[in-house]
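Input: a single structure, listed below in structure tokens.
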Amino acid sequence: MNNIKAVIFDMDGVILDSESICDITWEMTRKEFGLPDGTDAINECRGTNRTDSCIILKRIFGQELDAEKFLDRSSEHFMEIEFSSGIPLMPYAKEILEYLKPKYRLALASSTRGPTVLRQLTNAGVIDYFETRTTGEMVVHSKPDPEIYILACKSLGLKPEDCIAVEDSPNGAKSAIAAGLKTILIPDRTKPDEILKQKCWKVCKSLEDLKDFL
């Protein structure tokens, strides 16, 4: 641990409780589009960017689906909820950022687009904790591809082995592991299998657990 210089966080499901809103908005959109149950689709799309989400949607629901329109409509529903009720922080999010800030450099690696990340983290009051933000439009392939974490490490001028990743989804954990970061998984909506658990450095119940070893 003496070499660890930075902690890189995912946003959705780690810092912000946005996944619960996504579940609602995806279900609303699925019904509007007359599609069958979309549990597999939303779980596969967790942690991915728009381009990869479109590929997944077309594979599951058929190539004739207007995936871009589906995502646009889901985003409209999401923003309606966001602007009317806000997006709550995950339990202990602000506390752990406050705790870690004096000890490590903090950064973000989120598949969400940059302007949305900026708006949501600003509204949540935690934007200033992050030295750099690597976001979905900056990469060709999103999680589970390692590209976003490799880029996030470069944004800090650090090697992957000098950084820890904090993720909630299997896609995110696979991305960080493949990039060479020590990976902490705090499962939210999608539970990891035993193989993935073994590949993670730590599997925790909440962000509060990070105080035990960081």
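Could you give the length gained by full extension between Glu208 and Glu76, i.e. 0.36 nm per residue of separation minus their alpha carbon distance, to one decimal place?
Here the segment from Glu208 to Glu76 would lengthen by 44.3 nm.
Give me the angle, in degrees from 0 to 90, between the Cα long axis of helix 114-124 and the longest principal axis of the Cα atoms of the chain, rounded to the nearest 10.
70
Longest segment of the chain with no GluC sites (Glu not before Pro) in a DSSP loop having at most 15 other Cβ atoms within 10 Å?
Within the chain, the longest run free of exposed GluC sites (Glu not before Pro) spans 132-214.
Could you give the length gained on full extension between Glu98 and His141, defined as 0.36 nm per residue of separation minus the Cα-Cα distance, in nm?
Length gained between Glu98 and His141: 12.3 nm.
Using the Cα centre as the reference, give the magnitude of the dipole from point charges on the C-beta atoms of the chain (Lys, Arg: +1; Asp, Glu: -1; all else neutral), rounded to the nearest 20 debye.
So the magnitude is around 740 debye.
So if we plug the beta-carbon distance of Glu161 and Thr39 into 1/(1 + (r/R0)^6) with R0 = 25 Å, what FRET efficiency do we get, rounded to 0.05?
Working from the Cβ atoms, E equals 0.10.
For a test of understanding, tell me how many lysine pairs in the stretch 69-178 have Cα atoms under 28 Å apart, given they are 8 or more places apart or on different chains.
Here the count comes out as 19.
Restrict the search to the stretch 115-214; then list the trypsin sites (Lys or Arg not before Pro) that DSSP places in a loop and that have at most 11 other Cβ atoms within 10 Å of their Cβ.
Answer by residue number: Lys205.
Stretched out fully, how many nm does the piece from Ile55 to Asp23 gain, at 0.36 nm a residue minus the Cα gap?
9.6 nm
List the aspartates and glutamates whose alpha-carbon lies under 14 Å from that of Lys31, not counting same-chain residues fewer than 8 positions away?
The reachable aspartates and glutamates, counting only those whose Cα sits under 14 Å from Lys31, are Asp23.
Express the accessible area of the stretch 82-214 per residue in Å², computed with a 1.4 Å probe while the remaining protein chains stay in the model.
Here the per-residue accessible area is 47 Å².
Taking the Cβ of His77 as the center, what net charge do the other residues with Cβ under 15 Å away carry, scoring Lys and Arg +1 and Asp and Glu -1?
-4
Find the centroid of the Cα atoms in the stretch 165-214 and in the stretch 80-136, then give the distance between the two in whole Å.
Taking the Cα centre of the stretch 80-136 as reference, the centre of the stretch 165-214 is 18 Å away.
What is the percent carbon and sulfur in the accessible area of the stretch 1-152, measuring with a 1.4 Å probe over the protein chains and ignoring ligands?
The value for the stretch 1-152 is 54 percent carbon and sulfur by accessible area.
The values are calculated or read from the model by the stated rules, or taken from the named source; none is laboratory data. This is a predicted model, so every value here is computed, not measured. Cβ coordinates were reconstructed from backbone atoms using ideal geometry, including for glycine residues, and neighbour counts include every protein chain displayed. With ligands, DNA and RNA removed, areas are computed over all heavy atoms of the protein, side chains included. Shrake-Rupley method; radii C 1.70, N 1.55, O 1.52, S 1.80 Å.
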